[in-house]
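Since the structure comes first, as structure tokens, the remarks are kept for the end.
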Amino acid sequence: MNAPLLELDNLQMHFPTRQGPLKAVDGISLSIQAGETLGLVGESGCGKSTLARALIRLHRPTGGRVLLDGQDITTLSDSALKPYRRRMQMIFQDPVAALNGRMTVGELIAEPLEIMNIGTPATRRKRVKDLLDKVGLGADAANRFPHSFSGGQRQRVGIARAIALEPELVVCDEPISALDVSIQAQIVNMLSDLKRDTGLAYLFITHDLSMLRHIADRIGVMYLGKLVEIAPSEALHVAPRHPYTELLWSAIPVPDPAARRDDAFETGEVPSPLDIPTGCRFHTRCPYASPLCKATEPPLKTGADGHGVACHHPLPSSPSTAQQEIEHA
Amino acid sequence: MTAPLLSLRDLRTEYRTDRGTVQAVRGVDLTLYRGEILGLVGESGSGKSVTCMSILKLLKRGGHITSGSADYDGTDLLRLSEGQLSRVRGDKIGVVFQDPMSALNPTMTVGRQVEEVLLQHRKISKKDARARAIELFKLVRIPSAETRIDNYPHEFSGGMRQRVMIAIALACDPDLLIADEPTTALDVTIQRQILALLKELRDRLGMAIILVTHDLGVIAETADRVMVLYGGQIMEEARVADLFEAPQHPYTRGLLAAIPDPRQSGGALTPVPGSPPDMRNPPSGCPFAPRCPKAMAICLTPPDLYGAGDALHLRPAQRTRCWLADPAVPAELMEAT
Ligand SMILES: Nc1ncnc2c1ncn2[C@@H]1O[C@H](COP(=O)(O)OP(=O)(O)O)[C@@H](O)[C@H]1O
Ligand SMILES: Nc1ncnc2c1ncn2[C@@H]1O[C@H](COP(=O)(O)OP(=O)(O)O)[C@@H](O)[C@H]1O
Ligand code: SF4
Ligand code: SF4
Ligand SMILES: [Mg+2]
Ligand SMILES: [Mg+2]
């Protein structure tokens with residue numbers, strides 16, 4: 001296998017607070033290959049945005065390492081980071097909200113090129129036109145202001161700006177969460193097309209596991225600052241091994257009244273990140289918890305199939321294995 | 001056949017703003033029976049919240065109801081004075097919003113806030129109001145109800161705050177609960193708990209619920225009947241089972257194709273092209289026409305709601321606002337544009 005584009009090695013981001021350290025990201029190791037989409041999912045507050053910000057170095061991590069193409073960028077100064085910044089871009093829930101409202105869409109998309117001194121005004125205009133075309137906006141959008149755009153169109157502007165410098169990795173933090181359902185699929189499909197055409201990689205963060213399966217090659221599941229499971233999307237769907245992943249799947253409403261469930265579903269809530277449970281942090285909500293789970297934190301173990309799980313009593317590894325186990329019993 | 005609990009007829013509501021008049025609701029009819037969960041589904045801006053808030057005349061500045069009636073148990077709510085309405089709100093009709101934090105008073109314990117509602121609408125002693133508040137907290141499954149009622153809103157998680165809101169809404173045993181996106185701001189795990197709670201409360205207390213959501217999954221899990229809104233109008237109305245089994249309207253079909261189903265495998269989704277209309281200047285014909293794969297020349301003329309149930313309402317109507325559903329449209333008008 002090739003060296004990964006991005007590697008996180010035991011990454012840690014603890015925030016000091018009056019009640020002690022808030023362990024938002026508490027030792028996460030993972031890697032993203034060039035051209036790959038890694039999805040990241042978990043309930044709100046589990047540390048997804050913090051992880052994203054730490055890895056593109058908007059935060060300075062409090063522990064562990066971030067490697068881009070094998071280069072350790074964890075503690076680089078702002079000036080030393082500059083060449084790396086260009087290779088990693090980020091898009092947010094409403095990417096246009098934070099931008100200068102007096103700039104036209106064309107100016108906003110050309111801005112990163114200007115800052116990096118790329119091309120002439122004429123070549124930049126041409127590039128803006130190409131980028132608008134790539135994200136499905138007409139060339140006439142260049143002269144308009146983003147505030148007159150719908151949510152989906154604004155996200156397209158944000159994406160055009162993010163890919164202007166031809167990054168190798170785009171970190172997408174909940175890019176579709178604020179969009180209407182009919183528009184979400186437009187954006188997801190467009191991001192997939194861009195990846196196919198340009199070979200860029202995504203870290204795609206969302207709390208919507210069912211949408212993630214349509215865009216991610218692999219999916220990582222976070223709980224209270226830890227990665228509890230990571231696997232190819234299909235495996236994570238067909239045979240989740242961590243009880244928390246199983247819980248997330250079962251919570252998603254199914255768009256089919258014939259599959260309606262009427263059970264009470266009392267599964268508790270996430271504990272405070274300032275008071276993380278001992279042992280396995282999920283044990284307070286886990287239906288399979290044993291005394292071992294309360295005492296000892298399970299490490300993330302990855303099998304030959306690339307399926308990693310951090311659990312003392314993982315669920316069977318695939319439906320066929322489960323079947324075999326039943327037959328052997 | 002029992003009479004409906006609520007029947008809304010030809011509701012039209014607009015917002016007058018500096019930048020023009022928004023035609024938020026354009027002729028909505030809604031019939032709700034006791035004990036029924038009616039889902040209102042549609043994209044943002046389709047008029048779901050304005051429809052609900054019009055029923056209680058809780059419109060923000062600039063909002064005007066320009067026509068319609070809202071017959072609630074024999075009274076037209078839209079004709080009531082503000083004083084009469086304030087006796088209905090919180091007593092006969094409870095409301096729960098998406099963001100409980102903005103609806104709760106941050107400086108008052110949650111218990112006091114439940115008691116206030118009781119004291120306002122009922123002749124009841126302070127002691128009994130407190131006992132009732134604890135009982136309500138238990139009903140909505142807030143753990144350690146006896147001590148939690150003395151906490152302030154910020155001491156609760158988002159999910160627990162929403163339970164507090166539901167407890168307040170249920171304080172006076174309303175016949176109708178209006179829940180406007182009650183789970184949109186919550187994680188899916190908490191959402192499923194709240195939806196299960198709403199269904200259980202309906203079963204136990206027999207109240208009717210209008211459940212507003214943009215999520216067809218939530219409708220499938222929770223509602224008995226559903227109305228699909230778009231551009232301030234009902235596009236389709238059906239029993240939930242019928243809507244998912246045989247969606248009639250091109251917009252409903254588009255939405256169903258665009259959403260992921262957690263049971264199916266991955267692959268490309270089918271988006272609905274385009275974006276929703278600007279309601280300051282809505283399309284003159286069918287509001288969905290600019291995005292509709294089936295649009296025809298006749299669609300520049302507004303279609304009616306077609307279809308009917310049987311006269312006894314034993315099987316409520318599946319109705320569709322689309323020219324394709326009008327049996328009387330002459331074939332020559334059915335040509336694509
Ligand atoms: N700058 C900060 N200072 C202190 N705590 C923070 C900061 N940013 C995030 N947190 C906390 O870290 C935890 C993880 O937050 P976040 O990464 O935003 O989660 P997610 O994106 O998964 O919802 C939360 O408890 C949040 O309150
Ligand atoms: N306070 C307001 N001022 C002006 N326009 C409003 C206001 N509230 C809602 N609207 C407009 O009314 C229409 C319907 O809004 P709403 O009922 O809130 O939609 P939904 O709840 O379906 O998302 C939208 O076009 C919206 O912009
Ligand atoms: S380690 Fe134990 S408590 Fe944690 S998820 Fe596995 S079974 Fe549950
Ligand atoms: S009336 Fe015409 S445009 Fe509207 S949904 Fe039907 S076919 Fe489409
Ligand atoms: Mg976040
Ligand atoms: Mg609304």
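The values are calculated or read from the model by the stated rules, or taken from the named source; none is laboratory data. This is a predicted model, so every value here is computed, not measured. Quick reminder, even Gly has a Cβ in these numbers, built from the backbone with ideal geometry, and neighbours come from all protein chains shown. Remember, those area values only see protein heavy atoms, side chains included, never the ligands or the DNA or RNA. Shrake-Rupley method; radii C 1.70, N 1.55, O 1.52, S 1.80 Å.
Measure off, as a whole percent, the carbon and sulfur share of the 1.4 Å-probe accessible area of the protein assembly as shown, all protein chains present.
Roughly 51 percent, rounded to a whole number.
Given B:ILE234, A:ILE176, B:THR2, which one lies farthest toward the positive end of the charge dipole of the protein assembly as shown, if we put +1 on the Cβ of every Lys and Arg and -1 on the Cβ of every Asp and Glu?
A:ILE176
If I fit a long axis through the Cα atoms of helix A:105-115 and take the longest principal axis of the Cα atoms of chain A, what angle between them do I get, 0 to 90°, rounded to 10?
The angle comes out near 90 degrees.
Which of the aspartates and glutamates could be linked to A:LYS126 by a straight reach, that is with a Cα gap under 17 Å, when you skip same-chain ones fewer than 8 residues away?
Hits, sequence-local ones excluded: A:GLU107, A:GLU111, A:GLU114, A:ASP140, A:GLU166.
Taking a ≥ b ≥ c as the square roots of the eigenvalues of the Cα gyration tensor of segment A:239-328, is the shape rounded (a/c under 1.5), prolate (a/b larger than b/c) or oblate?
The shape class here is oblate.
In the structure shown, do any of B:LYS138/B:LYS199; B:LYS57/B:LYS126; A:LYS82/A:LYS195; A:LYS226/A:LYS301; B:LYS57/B:LYS127 have a Cα-Cα gap over 22 Å, and if so which?
Long pairs (Cα-Cα over 22 Å): B:LYS57/B:LYS126; A:LYS82/A:LYS195; B:LYS57/B:LYS127.
What FRET efficiency comes out for the pair B:ARG87/B:ASN151, r = Cβ-Cβ distance, R0 = 30 Å, nearest 0.05?
Using R0 = 30 Å, I get an efficiency of 0.55.
Relative to the longest principal axis of the C-alpha atoms of chain A, give the angle of the C-alpha long axis of helix A:181-198, reported between 0 and 90° and rounded to the nearest 10°.
With both axes taken from Cα atoms, the answer is about 70 degrees.
So what's the gap between the Cα centers of segment A:1-63 and segment B:86-110, to the nearest angstrom?
39
How much accessible area does B:HIS214 have with a 1.4 Å probe, in Å² rounded to the nearest 10?
Probe radius 1.4 Å; accessible area of B:HIS214 about 60 Å².
Rounded, prolate or oblate: pick one for chain B, where a ≥ b ≥ c are the square roots of the eigenvalues of its C-alpha gyration tensor, a/c under 1.5 means rounded, and failing that, prolate if a/b is larger than b/c, else oblate.
Prolate is the answer for chain B, as a/c is 1.5 or above and a/b outweighs b/c.
Please report the relative contact order for chain A, taking Cα pairs under 8 Å with a sequence separation of at least 6, and give it as a percent rounded to a whole number.
20
Spin-label point model (7 Å from Cα, Cβ direction): what's the B:SER125 to A:ASP133 distance in nm?
8.1
Heavy-atom accessible surface, probe 1.4 Å, ligands and DNA/RNA ignored: which residues of segment A:161-186 lose at least 50 Å² versus the isolated chain?
Relative to the lone chain, where solvent access is computed with a 1.4 Å probe, segment A:161-186 loses at least 50 Å² at A:ASP180, A:VAL181, A:SER182, A:GLN186.
Taking the Cβ of B:ASP304 as the centre, find all other residues whose Cβ is under 10 Å away and add up their charges (Lys, Arg: +1; Asp, Glu: -1).
After counting each charged neighbour, the total is +1.
Restricting to the protein assembly as shown, what percent of DSSP beta bridges are antiparallel, rounded to 5?
60
Over segment A:102-162, average the accessible area per residue using a 1.4 Å probe and give it in Å², no decimals.
51
Using a probe radius of 1.4 Å on heavy atoms only, what accessible surface per residue do you get for segment B:98-196? Whole Å² is fine.
Computed with neighbouring chains in place, this is 41 Å² per residue.
For peptide A:40-53, how many partner chain Cβ atoms fall within 10 Å of a residue's Cβ, on average?
Per residue, the average neighbour count from other chains is 1.
What total accessible surface area, summed over both chains, is buried at the interface between chains B and A, computed with a 1.4 Å probe and given in Å² to the nearest 100?
3800
In square angstrom, what is the accessible area per residue of segment A:239-328 with a 1.4 angstrom probe?
For segment A:239-328, the solvent-accessible area averages 52 Å² per residue.
222 nm [θ] for chain B, helices only, -39500 (n - 2.57) per DSSP H run of 4+, per residue, to 500?
Helices in chain B give a 222 nm mean residue ellipticity of -8500 deg cm²/dmol.
Shape call for the protein assembly as shown from the C-alpha gyration tensor, a ≥ b ≥ c root eigenvalues: rounded (a/c under 1.5), prolate (a/b greater than b/c) or oblate?
Cα axes put the protein assembly as shown in the oblate bin.
Identify which of A:THR104, A:THR120, A:THR75 has the largest mean-square fluctuation in a Gaussian network model of chain A, with springs joining Cα atoms closer than 10 Å.
A:THR120
Taking chain A as the reference, fit the longest principal axis to its C-alpha atoms, fit the long axis of helix A:121-134 to the helix C-alpha atoms, and give the angle between the two in degrees, 0 to 90, nearest 10.
That helix lies at roughly 40 degrees to the long axis.
Efficiency by 1/(1 + (r/R0)^6): what FRET value for B:ASN281 and A:ALA97, r their Cβ-Cβ distance, R0 = 30 Å, to the nearest 0.05?
0.80
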